[in-house]
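For reference, the structure is listed below as structure tokens.
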Amino acid sequence: MGNMWYRLLGSSVRGKNDVPDARQTQVVIDIPRSLEGQLFIDASGEEKTVYASSQLRARPHFLQWLDSLRYVEGFHGVGVKYVPLSSVSEKMEHAHQNSAIMETPKEDVEVRDRALALLTEVGGYNSSDIRIRRLSKHTEVACRINGRYMVVHEWDNPFADRLMRAMYRLGSSQAASVTDSQFQDGGISGDILKGTGLDNVRIVRGPCAPLSEGGWFMILRLQSIRKGVNRRVRGNIGTLQQLKPPPGRLRLKDYGFTQAQIDRLMGIAMSPSGAIVFTAPTGHGKTTTLYEIWAEKARVQPGRNIVTIEQPVELNMPWAIQLDIPNTDSEEENGRALRERQTNTLRMDPDDIGLGEVRDADGALTAINAVQTGHFVAFTCHVDDPFGLPVRLQLMDYIRLHFGTTCNASLIRGIVAQRLVPVICPHCAVPWTTDDPRLPAIIQQAIPSWCPDMSLVRRVGPGCEHCYGTGISGRTCVAEVIETDAELMSDFVKFGENVARHRYRSRPDSDPSLLETAMNRVAKGELDPFDVNTIVERIRHREKVLKERQDGTERERTSC
């Protein structure tokens, strides 16, 4: 039986200024560790009720404990209600907030003992790390076994808050106080770990999303006394559970990505290391695409530890640890904050790292450093042309970010360009004609070269009830996915951006350019040529585009 217990005082809860009633009786109920945080006992009325997580339904160890509870005085007729875990956590949170019973020294010892018991339990699984995340409704405790995280416990937040403070106070190298709003390092070693099977524990803790609901994390790196892969497992593996993958499915096809682009994109994203960079002007869906990538990785590889650094956190990802960078007054302060967060991140046992937007040399060097430490990294960068990324980075710092550093296919594995373009409402669209007054004559003359059947080409109509009078039924993503290799990166170094672009796009298996993809959808009547010309790229005659590509490749050959 575990050391977690409920203190029940008759039918009322005593306030800190109340005088104890002689009629009140104290009942201590032991709860197995495997059930901690998953049930709430309501003993406030005549009828006692256990609110249990619906995950415990028909679980033998819970039913056995419930049966034993009915032998406790006053609980002979106790009932059980199965509810979502979030409801259990809410009841625990409410009881914690409304109870004024303060922790006594005995309670401090109990929590301290429970913290050591957790280390002993997880050490028994031959685990290398413990990851604790306080979410909005509950706290998740997971441990890394053979490289993958498994859930050990799900606790109510008030209990987890007390336990993690006690855990942090176990060591002698910690900060003087426990501050949830700051990143803090620490360590536990010496005699206090006797009996746990551990020699040393390194700690990093700090705030994470959801910040508005008191989100925090704690990572504990465990060093076992007995080294090696053949250590005997002492834990009860029956209590371990797989991490819950995010619900839903990958939605990139709904957003406008082709299946070929999705296959290439996810092939890059599933790499063990290297970086993928998403490029576009502000407001073109880079963050949304990244969210889908992280969600799919968490579905396919739920045991990985994803840590993101964002300024600010925009989309909540409960399956990841999201670190927030506060708004700063200068690029220098922003770079310093990003470096500090990355230093914290590398102590957090990450598998994948998201760095949000890279704006300056410090951000770019932070991303490169994260890749060089063997992690998969994803970040965004404001670049008009995806093949202009190496130049953009070099302009940030010509010495430290020159082509010799950045043009490395094992460093940057993929570059994605995307634009959000309005989709014409099919109910009120009108035929497009070559006398479109919105476009100059040279553009009007180029459009038919991309469209075999001009009768299908449409422009935005006057609006109708289906599109709320806008003429637009939504927006779609036009993208280009570039998978880098040694040849492409060598072309950047030897011949520069233009030749590298032409040579890559002349490959038969390369992804079509943004303009080619957009004009293909114009030819189907989905996009207005005017929007393509103003949002994606200036429309030029198709033959000129192809000839320029061929000439660029030929110039490279003659120069060799």
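The values are calculated or read from the model by the stated rules, or taken from the named source; none is laboratory data. None of the values given here were measured: they were computed from a predicted structure. Heads up, the Cβs are rebuilt from the backbone with ideal geometry, glycines too, and the neighbour counts pull from every protein chain shown. Heads up: the accessible areas ignore ligands, DNA and RNA and are worked out on the full protein's heavy atoms, side chains in. Shrake-Rupley method; radii C 1.70, N 1.55, O 1.52, S 1.80 Å.
Side notes on the structure shown:
- Identity of the residue in region 259-272, in contact with a Phe, Trp or Tyr (Cβ under 8 Å, 6 or more places away or on another chain) and either open to solvent by less than 10 Å² (accessible area, probe 1.4 Å) or in a strand (DSSP E or B) (or both), that ends up farthest from SER410 (Cα to Cα): LEU265
- Close contacts from region 198-227, counting a first residue that is without any contact (Cβ under 8 Å) to a residue 60 or more places away in the chain and a second that is among the small types (Gly, Ala, Ser) and open to solvent by 40 Å² or more (accessible area, probe 1.4 Å), with Cβ to Cβ under 6 Å and a gap of 6+ residues or different chains, come to ASN200/SER189.
- Per-region count, region 346-372, residues surrounded by fewer than 23 Cβ atoms within 10 Å (Cβ to Cβ) and outside any loop (DSSP other than H, G, I, E, B): 9
- ALA43 vs. criteria at pLDDT 75 or above, surrounded by fewer than 19 Cβ atoms within 10 Å (Cβ to Cβ) and among the hydrophobic types (A, V, I, L, M, F, W, C): no
- Tabulated pairs, region 534-549, first within 19 Å of PRO386 (Cβ to Cβ), second surrounded by fewer than 19 Cβ atoms within 10 Å (Cβ to Cβ) and hydroxyl-bearing (Ser, Thr, Tyr), C-beta under 7 angstrom, 6+ apart or interchain: ARG549/SER506
- Residues of region 66-89 satisfying the condition of being within 41 Å of the chain's Cα centre (by Cα) and aromatic (Phe, Trp, Tyr): TYR82
- Condition check for ALA275: in contact with a helix residue (DSSP H, G or I) (Cβ under 9 Å, 6 or more places away or on another chain) and either at pLDDT below 95 or crowded, with 22+ Cβ neighbours inside 10 Å (or both): yes
- Of the residues making up region 278-313, those that are open to solvent by less than 40 Å² (accessible area, probe 1.4 Å) and under 14 Å from ALA479 (Cα atoms) are PHE278, THR279, ALA280, HIS284, GLY285, LYS286, THR289, LEU290.
- Members of region 110-134 that are in contact with a Ser or Thr (Cβ under 9 Å, 6 or more places away or on another chain), open to solvent by 20 Å² or more (accessible area, probe 1.4 Å) and over 15 Å from ILE31 (Cβ atoms): LEU116, THR120, ASN126, SER128
- Residues of region 48-87 satisfying the condition of being of a type in the set (Lys, Arg) and modelled with pLDDT under 85: ARG59, ARG70
Conditions (1) touching a strand residue (DSSP E or B) at 6+ places or on another chain (Cβ under 9 Å); (2) modelled with pLDDT of 90 or more, marked per residue:
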position: ASP108; (1), (2): no, no
position: ALA115; (1), (2): no, yes
position: GLY123; (1), (2): yes, no
position: VAL151; (1), (2): yes, yes
position: MET164; (1), (2): yes, no
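- Residue count for region 394-414, restricted to those that are in contact (Cβ under 8 Å) with a residue 12 or more places away in the chain, open to solvent by 50 Å² or more (accessible area, probe 1.4 Å) and not in a helix (DSSP H, G or I): 4
- Pick from region 278-294, criterion aliphatic (A, V, I, L, M) and touching a helix residue (DSSP H, G or I) at 6+ places or on another chain (Cβ under 6 Å), ranking: farthest from LEU411 (Cα to Cα): ALA280
Every residue, every condition in (1) at pLDDT 90 or above; (2) over 27 Å from the mean Cα position of the chain (by Cα); (3) open to solvent by 30 Å² or more (accessible area, probe 1.4 Å), yes or no:
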{"site": "ALA175", "(1), (2), (3)": "no, yes, yes"}
{"site": "LEU198", "(1), (2), (3)": "yes, yes, no"}
{"site": "GLU213", "(1), (2), (3)": "no, no, yes"}
{"site": "MET218", "(1), (2), (3)": "yes, no, no"}
{"site": "ARG221", "(1), (2), (3)": "yes, no, yes"}
{"site": "ARG249", "(1), (2), (3)": "yes, no, yes"}
{"site": "TYR255", "(1), (2), (3)": "yes, no, yes"}
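- Looking only at region 177-196, and only at residues there that are part of a strand (DSSP E or B) and open to solvent by less than 30 Å² (accessible area, probe 1.4 Å), the one that is nearest to GLY124 (Cα to Cα): ILE188
- Selection count, region 463-491, where residues are over 30 Å from ALA269 (Cβ atoms) and surrounded by 12 or more Cβ atoms within 10 Å (Cβ to Cβ): 8
- Beta carbons closer than 9 Å, at least 6 apart along the sequence or on distinct chains, never pair a first residue in region 440-455 that is within 12 Å of ARG538 (Cβ to Cβ) and acidic (Asp, Glu) with a second that is open to solvent by 30 Å² or more (accessible area, probe 1.4 Å) and modelled with pLDDT of 95 or more.
- Breaking point among (1) under 43 Å from the mean Cα position of the chain (by Cα); (2) loosely packed, with under 15 Cβ neighbours inside 10 Å, for VAL391: (2)
- Residues considered: ARG162, ARG169, ARG205. Of these, the only one that is surrounded by 15 or more Cβ atoms within 10 Å (Cβ to Cβ) and within 20 Å of the chain's Cα centre (by Cα) is ARG205.
- Residue match in region 138-161 (condition: part of a loop (DSSP other than H, G, I, E, B) and charged (D, E, K, R)): yes
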